[in-house]
Structure formats: structure tokens, C-alpha cells
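Report on the following structure.
The values are calculated or read from the model by the stated rules, or taken from the named source; none is laboratory data. Note that the structure is a prediction, hence the values are computed from the model and not measured. No Cβ is skipped: glycine too gets one built from the backbone with ideal geometry, and neighbour counts run over all protein chains shown. Note: areas computed on protein heavy atoms with side chains; ligands, DNA, RNA excluded. Shrake-Rupley method; radii C 1.70, N 1.55, O 1.52, S 1.80 Å.
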Amino acid sequence: MLNPETPRRLQRHLSVQQVGAETLVYDELRHQAFCLNESSSAVWRLADGEHTVAQIQAAAAVELKAGVS
């Protein structure tokens, strides 16, 4: 059972590629592509099912050198 306190990014049927500070995500089932900006990319990487929302917020703020809400 997934823990809502530790969000996990989708991983199945996705192609993910880091391009500079951005992340390109292609949904192979829906044939849709998404370009995540630097802040969204940081949250995406940290949403691994191990970090709580508060931990993701704190780590992203340090990485981005900016407040994250």
C-alpha cells in the first residue's frame, strides 16, 4: 500500500530524460510529453516514495536556493 505521506512519482510506461535543469517526461501509454522546469524537476526526483512532503520541500529549497511551498 502506498503511503500518502511519502509520494512516489510514476515510473511505469514513462521515458524520462534530464536535459540541463529540465526533465522531459514522455507518457508512452497516452502519447503525451511533458517538460518539467527546474523546480518541478527537483520535486520529481525527490518524490521517490522515501521522502515525506516536508523532506521534499526542504531538499528542493536547498537545491534551488529558493523558498518552496
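Observations, loosely collected:
- Residue within region 40-50 that is assigned to a helix (DSSP H, G or I), surrounded by 13 or more Cβ atoms within 10 Å (Cβ to Cβ), under 13 Å from the mean Cα position of the chain (by Cα) and of a type in the set (Lys, Arg) present: yes
- The one condition in (1) part of a loop (DSSP other than H, G, I, E, B); (2) without any contact (Cβ under 8 Å) to a residue 12 or more places away in the chain that Ala54 fails to fulfil: (1)
- For the residues Thr23, Thr52, the requirement of being among the hydroxyl-bearing types (Ser, Thr, Tyr) and closer than 19 Å to Gly67 by Cβ singles out Thr52.
- For Val25, the requirement of being touching a strand residue (DSSP E or B) at 6+ places or on another chain (Cβ under 6 Å), open to solvent by 60 Å² or more (accessible area, probe 1.4 Å) and of a type in the set (A, V, I, L, M, F, W, C) is not met.
- If you go through region 1-35 and pick out every residue that is outside any strand (DSSP E or B) and within 23 Å of Glu50 (Cβ to Cβ), you end up with 13.
- Here region 51-63 is the region considered, the condition is being open to solvent by 40 Å² or more (accessible area, probe 1.4 Å) and more than 15 Å from Pro7 (Cα to Cα), and the residue that is farthest from the chain's Cα centre (by Cα) is Val62.
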